[in-house]
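Participant: I'd like to ask you about the structure that follows.
We did not get these values from a lab; they are worked out from the coordinates using the rules stated. In this text the structure is predicted, and so the values were computed from the model without any measurement. Here the Cβ is made from the backbone with ideal geometry for all residues, glycine too, and neighbour counts use every protein chain on show.
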Amino acid sequence: MDTNEIKQILMNKLSLDEVIVNSNGNHFHIIAIGAMFENMNTVKQQQAIYGPLTKYIEDNRIHALSIKVYTPEEWSRDCTINSFS
């Protein structure tokens, strides 16, 4: 599974403005930006990203995920494309 596939899955299944995906083998780092995250607690935000990817986690195409989510306002105020830290 490559980063473009993961981005496409998330963009098709969720109401997101942008998804940035980086990888190291089958370990993926995801930044998701969307208004859908407003008023969601951290657990719900993580579950929203995991949901469309569950079958790929179960069949081990995705071994590990690092997820960061932002509303568009948070992203424009606080972040850049280099937010994997």
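Participant: Looking at (1) at negative phi; (2) without any contact (Cβ under 8 Å) to a residue 40 or more places away in the chain, can you tell me which one Arg61 breaks?
Facilitator: Unmet condition: (2).
Participant: Would you kindly identify the helices (runs of 4 or more DSSP H) lying entirely within the chain that contain at least 1 residues that are surrounded by 17 or more Cβ atoms within 10 Å (Cβ to Cβ), of a type in the set (S, T, N, Q) and in contact with a strand residue (DSSP E or B) (Cβ under 9 Å, 6 or more places away or on another chain)?
Facilitator: Per the criteria, 42-58.
Participant: Hey, another quick one. Within segment 11-39, restricting attention to residues that are small (Gly, Ala, Ser) and in contact with a Leu (Cβ under 7 Å, 6 or more places away or on another chain), which residue is farthest from Leu53 (Cα to Cα)?
Facilitator: Across segment 11-39, the extreme among qualifying residues is Gly34.
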